[in-house]
Every structure is written in structure tokens, then in C-alpha cells.
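Peer 1: Quick one: the structure is below, questions incoming.
The values are calculated or read from the model by the stated rules, or taken from the named source; none is laboratory data. The model shown is predicted, which means the values in this text are computed figures rather than measured ones. So basically every Cβ, Gly included, is an ideal-geometry build from the backbone, and we count neighbours across all protein chains shown. Each accessible area value is taken on the protein alone, full model and side chains, heavy atoms only, with ligands, DNA and RNA left out. Shrake-Rupley method; radii C 1.70, N 1.55, O 1.52, S 1.80 Å.
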Amino acid sequence: MRILYLLLAVLSMVLQGVAGQPYFPRPIDTCRLRNGVCFPGICRRPYYWVGTCNNGKGSCCARYVEV
């Protein structure tokens, strides 16, 4: 039974290679998910801080939305 699971994993890797897709996906850009933009340093108006960028060298800043 273990061999079947191993063969299934190898088959999925082969199919992804044939399709031209990388086996390991790129890391998720959490700043983009928060509708933010990466800036070096701190956020200035009209932006506010929502997190840190993936590279750790900048601030993820989002724009104020007035309702």
C-alpha cells in the first residue's frame, strides 16, 4: 500500500514537470494579499502600516480608504 502512495507522489511530480510548472510554488506575497505596497523604511501619509514585507527590509503599507 505504501508503494501506491509513493507512486502517486512521483506521478504527480512527473505530471507537473511535463506541464512546465514548478513543483515548489512561490511564497505567497502577504503584502499583496492585504492590498498593500512595500516601501523602504516607514509608511507616510496617506498610507498606514499593515505589516512587514517578505524580504524583511521594508514596510507593507496600505492606503486609507475614506467611506
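Peer 1: Could you give the dipole magnitude of the chain about its Cα centre, charging the beta-carbon of Lys and Arg +1 and that of Asp and Glu -1, in debye to the nearest 20?
Peer 2: Dipole magnitude for the chain comes out near 180 debye.
Peer 1: Using a 1.4 Å probe on the protein chains only, how many percent of the accessible area of the range 2-63 belongs to carbon and sulfur?
Peer 2: Values: 3420 of 5470 Å².
That fraction is 63 percent.
Peer 1: Over the chain, what is the mean sequence separation of C-alpha contacts under 8 Å (at least six apart), divided by residue count, expressed as relative contact order in percent?
Peer 2: On the way: 75 pairs, mean separation 16.3, N = 67.
Answer for the chain is 24 percent.
Peer 1: Further question on the same structure: Given R₀ = 22 Å, FRET efficiency for Arg32-Leu8 by Cβ-Cβ distance, to 0.05? Please list the in-between numbers first.
Peer 2: Details: r = 33 Å, r/R0 = 1.49.
The value I calculate is 0.10.
Peer 1: Which one of Gly20, Gly51, Gly41 has the biggest mean-square fluctuation once the chain is modelled by GNM with Cα springs under 10 Å?
Peer 2: Most flexible of the set in this elastic network: Gly20.
Peer 1: Then there's this: Kindly report the accessible area of the chain per residue (heavy atoms of protein chains, probe 1.4 Å, no ligands, DNA or RNA), in Å². List each step's numbers first, then the result.
Peer 2: Numbers: 6240 Å² over 67 residues.
Solvent-accessible surface per residue comes out at 93 Å².
Peer 1: Treating the angle as unsigned and between 0 and 90°, give the value, to the nearest 10°, between the Cα long axis of helix 2-19 and the longest Cα principal axis of the chain.
Peer 2: 60 degrees
Peer 1: Based on a Kirkwood Rh over C-alpha pairs, give the Stokes-Einstein translational diffusion coefficient of the chain at 37 °C and viscosity 0.692 mPa s in µm²/s. It would help to have the intermediate numbers written out before the result.
Peer 2: Values: Rh = 14.9 Å.
Approximately 220 µm²/s, per Stokes-Einstein.
Peer 1: Let me know the longest stretch in the chain that avoids all chymotrypsin sites (Phe, Trp or Tyr not before Pro) found in a DSSP loop with at most 13 other C-beta atoms within 10 Å.
Peer 2: Values: sites that count: Tyr23, Tyr64.
Of all site-free stretches, the longest is 24-63.
Peer 1: Further question: Got a sec? What order do Leu11, Leu6 fall in by accessible area at 1.4 Å, biggest, i.e. largest, first? Can you show the working numbers first?
Peer 2: Numbers: Leu11 90, Leu6 115 Å².
Descending accessible area places them as Leu6, Leu11.
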